[in-house]
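Q: Encoded as structure tokens, here's the structure I'll be asking about.
The values are calculated or read from the model by the stated rules, or taken from the named source; none is laboratory data. Keep in mind that what you see is a predicted model, and the values were worked out from it rather than measured. Positions of Cβ are backbone-derived with ideal geometry, glycine not excepted, and every protein chain shown enters the neighbour counts.
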């Protein structure tokens with residue numbers, strides 16, 4: 001299976017507001033506003049997404065799979081909406097699945113459950129035979145869960161305070177309950 005984000009990175013909503021960032025960093029000036037909103041806030045959201053293996057902010061996705069399963073993991077956090085599901089039948093013709101035949105799983109909001117009358121449809125077997133178009137992630141900064149927000153704020157403070165790749169003359173120790181610990185609580189396990 002292959003997951004592609006269709007929404008360009010520049011169009012993703014910010015995971016933190018400028019006001020939240022400045023309050024956490026205890027900034028009372030505007031000199032760094034553009035750097036915060038243009039670089040640091042998007043960077044910490046990207047670190048979250050890459051580390052946890054789930055998107056943080058609302059985006060459109062396309063999942064490509066070779067065939068159907070009773071439950072198809074979408075690998076993109078809590079699914080907000082499924083636009084459509086199409087597949088290539090054994091002859092290579094594109095068929096759209098009726099929306100009444102699938103639903104976001106109640107047991108796992110990151111998976112799509114299928115209900116077909118007898119058996120799952122046969123596909124062409126090509127890597128892109130099943131195509132699921134859907135949206136996932138938080139709509140805006142207000143919808144980001146508090147634990148996630150705390151991890152983002154810790155990362156933001158780290159990136160803001162440590163603008164160089166190397167620091168000399170210091171002893172570094174990661175604090176307990178750090179951003180890494182917080183992100184590990186929600187990280188997708190790797191098999």
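Q: If residue 24 meets every condition in (1) out of contact with any helix residue (DSSP H, G or I) (no Cβ under 6 Å at 6 or more places or on another chain); (2) at pLDDT 90 or above; (3) farther than 21 Å from residue 185 by Cα apart from one, which number is that one?
A: Going through (1) out of contact with any helix residue (DSSP H, G or I) (no Cβ under 6 Å at 6 or more places or on another chain); (2) at pLDDT 90 or above; (3) farther than 21 Å from residue 185 by Cα one by one, residue 24 breaks only (1).
Q: Turning to a different aspect of this structure: Failed condition for residue 74, given (1) surrounded by 21 or more Cβ atoms within 10 Å (Cβ to Cβ); (2) modelled with pLDDT of 90 or more; (3) not assigned by TED's automatic domain parsing to the domain that holds residue 16, with all others met?
A: All conditions are met except number (2).
Matching residues to (1) in the same structural domain as residue 7 (by TED's automatic domain parsing); (2) out of contact with any helix residue (DSSP H, G or I) (no Cβ under 7 Å at 6 or more places or on another chain); (3) surrounded by fewer than 17 Cβ atoms within 10 Å (Cβ to Cβ); (4) closer than 30 Å to residue 35 by Cβ:
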{"residue": "81", "(1), (2), (3), (4)": "no, yes, yes, no"}
{"residue": "115", "(1), (2), (3), (4)": "no, no, yes, no"}
{"residue": "126", "(1), (2), (3), (4)": "no, yes, yes, no"}
{"residue": "130", "(1), (2), (3), (4)": "no, yes, no, no"}
{"residue": "162", "(1), (2), (3), (4)": "yes, yes, yes, yes"}
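Q: Of everything in segment 30-57 that's more than 24 Å from residue 145 (Cβ to Cβ) and at pLDDT 95 or above, which residue is surrounded by the fewest Cβ atoms within 10 Å (Cβ to Cβ)? So that I can check it myself, show each step before the final result.
A: Filtering segment 30-57 down to residues more than 24 Å from residue 145 (Cβ to Cβ) leaves 30-35, 38.
Okay, now just the ones that are also at pLDDT 95 or above, so 30-35.
Values: 30: 10, 31: 7, 32: 16, 33: 13, 34: 10, 35: 12.
If we take residues in segment 30-57 being more than 24 Å from residue 145 (Cβ to Cβ) and at pLDDT 95 or above, then 31 is surrounded by the fewest Cβ atoms within 10 Å (Cβ to Cβ).
Q: Consider residue 155 against the criteria (1) modelled with pLDDT of 90 or more; (2) under 29 Å from residue 105 (Cβ atoms): it satisfies all of them except one. Which criterion is unmet?
A: Single failed check for residue 155: (2).
Q: Looking for something touching a strand residue (DSSP E or B) at 6+ places or on another chain (Cβ under 6 Å) and exposed (fewer than 15 other Cβ atoms within 10 Å of the Cβ) - is there at least one such residue anywhere in segment 6-14? Don't jump to the end; show me each part of the working.
A: Taking segment 6-14 and keeping what is touching a strand residue (DSSP E or B) at 6+ places or on another chain (Cβ under 6 Å), we get 6-7, 12-13.
Cutting the leftovers down to exposed (fewer than 15 other Cβ atoms within 10 Å of the Cβ) gives us 6.
Taking every residue of segment 6-14 in turn, at least one turns out to be touching a strand residue (DSSP E or B) at 6+ places or on another chain (Cβ under 6 Å) and exposed (fewer than 15 other Cβ atoms within 10 Å of the Cβ).
Q: Right, something else. Name the strands (runs of 3 or more DSSP E) wholly inside segment 81-191 in which the number of residues that are under 22 Å from residue 54 (Cβ atoms) is 1 or more. Spell out the reasoning first.
A: Numbers: elements: 94-96, 102-104, 111-114, 130-136.
In segment 81-191, the matching strands (runs of 3 or more DSSP E) lie at 102-104, 111-114, 130-136.
Q: A further question follows. Would you confirm whether or not segment 166-180 contains a residue that is modelled with pLDDT of 90 or more and within 25 Å of the chain's Cα centre (by Cα)? Lay out the reasoning, then the answer.
A: Here is the first cut: in segment 166-180, the ones modelled with pLDDT of 90 or more are none.
For segment 166-180, residues modelled with pLDDT of 90 or more and within 25 Å of the chain's Cα centre (by Cα): absent.
Q: Tell me, which residue of segment 1-20 that is in a helix (DSSP H, G or I) and in contact with a helix residue (DSSP H, G or I) (Cβ under 9 Å, 6 or more places away or on another chain) is nearest to residue 127 (Cα to Cα)?
A: Here the answer is 9.
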